[in-house]
Amino acid sequence: MNDLLLLGQTLRFDADPFATAIEDAAVALTHGGVLVQGGRIAQVGDGAALKAAHPQARVVDHGDHLISSGFVDAHMHYPQTAMIASWGKRLIDWLNTYTFPEEMRFADEEYATDIAGRTLDLALAHGTTTLTSFCTIHPASVRAFFDQAAARGMAVVAGKTCMDRNAPDGLRDTAQSAYDDSKSLLETYHGKARATYAITPRFSPTSTPDQLAAMGALWAEHPEVLMQTHLSEQTDEIAWVRDLFPSARDYLDTYEQFGLLGARGLYGHAIHLEPREIDRLAEVGAAVVHCPTSNTFIGSGLFDMAGVKARGIRTGLATDTGGGSSFSMLRTMAAAYEVAQLRGTALHPAQLMWLATEGSAQALRMGGQIGSLNVGAMADIAVIDLASTPAIAQRARRADDLWEALFPTIMMGDDRAISATYVAGRRV
Ligand code: GUN
Ligand code: ZN
């Protein structure tokens, strides 16, 4: 009943291609099929065989386009959508000049609703089916985002951004109000529709120790939710953290001291890490999130993908819009490739695709549920045209295998390469 069969090339993963040989980790079929039942993936296999076995299914033939899991953006700021690509600043000046004034506007729920809807629609047009977003200090900004995501059937992660110092008037809460508002939002939204709540202290420079302790207490009371923040993005920022927290052993310790280091923690950027920080992230099973277009755009530095993966640290991939310069996870994969090249590692297209789907989903502790084309996962799907522009098409024509055909789209593709997006099996 209401079965849907998508035909095309298919790509799914049996294992992490950083830990397992590519040919064992990735399963690609040239004439594949994905059977969707009740919004979930019911079968993946040979397209003709699935068609014969399920004659009742409605068939959508995507030809030679690639059917992949939808992309999972593991760290972004929806309130920064309208100010993406703001010129000429590094992190702290960028926050003060462009970001904080824009975030002030989210006290207005109508504005927040407009930008939330705009962001979610941009994401879907780029094949991204899950966003993990910071909101602003205003509870209205959180309601707007979760409500707009629910209206689109999307799985999202978000939380009220908490800041009680080093932010302008009108953009500060308190330790108590941050606790109360976060708790109330968490209780309203977490687990409803496809929403996951993340307790969200912005970063330790904008929270007092009291506020970090309040966030840590809330997480201890609700260990089922995620916690997201920023870690070691720019060297100036790290020096500032050292001044603000003189007794902390390092940046990560400013979270650890207050109960904000854990297996459901997401630490954005994580570029300039000390050995102790790497050890602790690995020991507790926390996740770091790589935001490569942001790291080059704001001039933050070169994330050590090979080093972090070699330590077995969960790693997601993210746009970090509007510090990031693109809504596209294809552009984001390209930037991850370039950053890794600058560190002497060539990431394989399978590794890039895995990071943008399963890797991010595992960072969010949602592996097997989203970011996957495997049986049982939600049917959140991106269909990718591997010849979306003349420049890409002429290169892909030379390709001998899927990886060579896909890599030009990873490096040169954008929303024009997304020929269809499905959310829970519904085409959007
Ligand atoms: N660190 C604290 N806040 C932010 C933000 O909004 N964007 C980025 N890139 N880094 C941050
Ligand atoms: Zn961020």
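Here are the numbers:
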item	result
Size of charge dipole - segment 335-428 - debye, nearest 20, with Cβ of Lys, Arg +1 and Asp, Glu -1, no other charges	120 debye
Calculated FRET value between residue 427 and residue 239, using beta carbons and R₀ = 41 Å, to 0.05	0.25
DSSP beta bridge pairing in the chain, given as percent antiparallel to the nearest 5	40 percent
Note, ³J(HN,Hα) from phi for segment 254-266, Karplus 6.51, -1.76, 1.60, rounded to Hz, x at Gly and Pro	5, 8, 4, 4, 10, x, 10, 10, x, 5, 9, x, 10
Relative packing of peptides 234-244, 253-263, 131-141, 4-14 - highest average C-beta neighbours within 10 Å first	131-141, 4-14, 253-263, 234-244
30 Å Cα-Cα reach of residue 160 towards lysines, excluding residues that sit fewer than 8 places from it in its own chain	89, 183, 192, 309
Contact order relative to length of segment 104-192, as percent, for alpha carbon pairs under 8 angstrom and 6 or more apart	27 percent
Helical segments meeting 15 Å axial Cα length and Kyte-Doolittle -0.5 threshold in the chain (DSSP H)	109-125, 139-151, 209-221, 329-342, 402-412
Cα gyration tensor shape of segment 151-212, rounded if a/c is under 1.5, else prolate or oblate by comparing a/b with b/c	prolate
Calculated FRET efficiency for the pair residue 49/residue 14, C-beta based, R₀ 25 Å, to 0.05	0.85
In order through segment 351-362: 3J(HN,Hα) via Karplus (6.51 cos²θ - 1.76 cosθ + 1.60), integer Hz, x for Gly, Pro	5, 5, 5, 5, 4, 6, 10, 5, x, 5, 4, 5
Net +/- balance of residues flanking residue 71 in space, Cβ distance below 13 Å, scoring K and R +1, D and E -1	-4
Segment 111-172 and segment 1-45: distance between their alpha carbon centers, rounded to Å	30 Å
Distant-in-sequence amide H partners of residue 316 (H built 1.01 Å from N, under 5 Å)	288, 289, 290
Ordering of 265-276, 45-56 by packing [mean C-beta count within 10 Å, highest first]	265-276, 45-56
Cα gyration tensor, segment 317-428 - rounded (a/c under 1.5), prolate or oblate	oblate
Global geometry of segment 36-186, whether rounded, prolate or oblate, following the gyration tensor of its Cα atoms and the 1.5 cut on a/c	prolate
Derived scalar couplings ³J(HN,Hα) [segment 67-82; Karplus, 6.51 cos²θ - 1.76 cosθ + 1.60; whole Hz; x for Gly, Pro]	8, 10, 4, x, 7, 10, 8, 8, 6, 7, 10, 4, x, 9, 4, 6
Sorted peptide list for 399-405, 365-371, criterion being average Cβ within 10 angstrom, highest first	365-371, 399-405
Environment charge at residue 30 (Cβ cut-off 11 Å; Lys +1, Arg +1, Asp -1, Glu -1)	-3
Largest-first principal axis extents, alpha carbons of the chain, Å	64, 46, 39
Farthest toward positive dipole pole in the chain [+1 Lys/Arg, -1 Asp/Glu at C-beta], among 345, 57, 386	57
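Since every read-out is calculated from the coordinates, none of them should be taken as a lab result. All of these numbers come straight from a predicted model, not from anything done at the bench. Heads up, the Cβs are rebuilt from the backbone with ideal geometry, glycines too, and the neighbour counts pull from every protein chain shown.
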